[in-house]
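Student: I have a structure here, written as structure tokens, and I will follow up with some questions on it.
Every number here is computed from the coordinates shown, using simple stated rules; none is lab data. Treat the numbers as computed from the prediction; the structure is a model and nothing was measured. Cβ coordinates were reconstructed from backbone atoms using ideal geometry, including for glycine residues, and neighbour counts include every protein chain displayed.
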Amino acid sequence: MIDYDKIAVEYRRHRRIHPGVLREILTMGTVTSSSNVCEVGCGTGNYITAVQSATGCCGLGVDPSDEMLSRARAQSENVEWRKGAGEDLPIERGVIDLVFSVDVIHHVSDRDAFFSQAFQALKLAGKVCTVTDSDWIIRHRLMSLYFPETVPLELQRYPSIGKLRTLMREAGFVEISDNLVEHEMPLTDIQAYREKAFSALHLISDADFQRGIAKMEHDLKSGPIPFVSRYVLLWGTKSVP
């Protein structure tokens, strides 16, 4: 079990916004100054703070970790921060225009409950967006190259896109679609990996972790490591009777 209160400092220091994810949330989510937007599993608040800053929307960040929320509050006083889990959202019914999560769904133990809760929180025609990794992304991302031991663990943790589509349909969502975003950014600093700012690195042995770090350090001596960050965004709309 990963204690997110203990790694909140590393998350705040190293986790960054994926520009493609932010762009799609703003455009496909049709976020405006009159929108009510909720990020579930907001962590230290990077995304919901950026969405609120870009649009002036009413932003709400929900996370179960007190330490994550403490650092989120330090980022923005314009976003409302609430403690809560995806399975039991602390939100009234029918008040949100967009519910989104970024790299969080694999942490949610009861995904049926999450999509049901999101559906209830949304207004009619409101949208849900789940930003996650597909099986292909997990197998081909940079972390899997240097820490291959994470691959079977991540394939177990992450629900497939097909499974998520099924859960969304069962919750009542329609117009379900997905799109892939990519962002190329050569890696020049591996401190985020050294400090295990990615949860999968807490799940492998220390020997495997040290081996991967040593390989990264060796490759960096020849210059920046080519790196493409990818995510799948899975969308659904609350049906209108």
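Student: With +1 assigned to the C-beta of every Lys and Arg and -1 to the C-beta of every Asp and Glu, and no other charges, what is the dipole magnitude of segment 8-238 about the Cα centre in debye, to the nearest 20? Write out the running numbers ahead of the final one.
Tutor: Working: 26 positive and 30 negative charges, 46 e Å.
That gives segment 8-238 a dipole magnitude of about 220 debye.
Student: Can you work out the Karplus-derived ³J(HN,Hα) for every residue in segment 27-38? Use 6.51 cos²θ - 1.76 cosθ + 1.60 with θ = phi - 60°, whole Hz, and x for glycine or proline.
Tutor: 8, 5, x, 6, 7, 10, 5, 9, 7, 9, 10, 10
Student: Quick check on the chain: helices-only [θ] at 222 nm, where DSSP H runs of length 4 and up contribute -39,500 (n - 2.57) each and the sum goes over total residues. Nearest 500, please.
Tutor: -11500 deg cm²/dmol
Student: Going Cα to Cα from residue 163, which aspartates and glutamates come in below 18 Å? Please leave out same-chain ones fewer than 8 positions away.
Tutor: 87, 103, 110, 112, 133, 135, 154, 175, 178
Student: What ranking of 79, 99, 174, 181 emerges when the number of other C-beta atoms within 10 Å of each C-beta is taken as an exposure proxy, fewest first?
Tutor: Listed from fewest to most nearby Cβ atoms, that is 174, 181, 79, 99.
Student: Here's a follow-up. Put a dot 7 Å past each Cα toward the Cβ at residue 82 and residue 187; how far apart are the dots in nm?
Tutor: The answer from the label model is 3.7 nm.
Student: Let me ask you something else. Extension gain residue 178-residue 27, at 0.36 nm per residue separation less the Cα-Cα distance, in nm? Working shown, then result.
Tutor: Working: separation 151, 0.36 × 151 = 54.36 nm, distance 1.41 nm.
That pair, residue 178 and residue 27, stretches by 53.0 nm at full extension.
Student: Further question: Kindly write out, for segment 55-67 in residue order, the coupling ³J(HN,Hα) from the Karplus curve 6.51 cos²θ - 1.76 cosθ + 1.60 (θ = phi - 60°), rounded to whole Hz, with x marking Gly and Pro.
Tutor: Once rounded to whole Hz, the list reads 10, x, 5, 7, x, 10, x, 10, 7, x, 9, 4, 5.
Student: So for 18, 202, fewest C-beta neighbours within 10 Å to most, what's the order?
Tutor: Placing the least packed residue first, the sequence is 202, 18.
Student: Give, rounded to the nearest 20 debye, the magnitude of the charge dipole that segment 53-171 has about its Cα centre when Lys and Arg contribute +1 at Cβ and Asp and Glu contribute -1 at Cβ.
Tutor: Its charge dipole is roughly 340 debye.
Student: I need the phi-derived Karplus couplings for segment 73-84: 6.51 cos²θ - 1.76 cosθ + 1.60, θ = phi - 60°, integer Hz, Gly and Pro marked x.
Tutor: Computed from phi, the couplings for segment 73-84 are 4, 5, 6, 8, 9, 8, 9, 8, 10, 10, 7, x Hz.
Student: Set Lys and Arg Cβ to +1 and Asp and Glu Cβ to -1, take the dipole of segment 8-238 about its Cα centre, and tell me which of 125, 164, 81 lies farthest positive.
Tutor: Farthest along the dipole direction, towards plus: 125.
Student: Could you work out how far apart the two model spin labels at residue 240 and residue 155 are, taking each label as a point 7 Å from the Cα in the direction of the beta carbon, and quote it in nm?
Tutor: 4.3 nm
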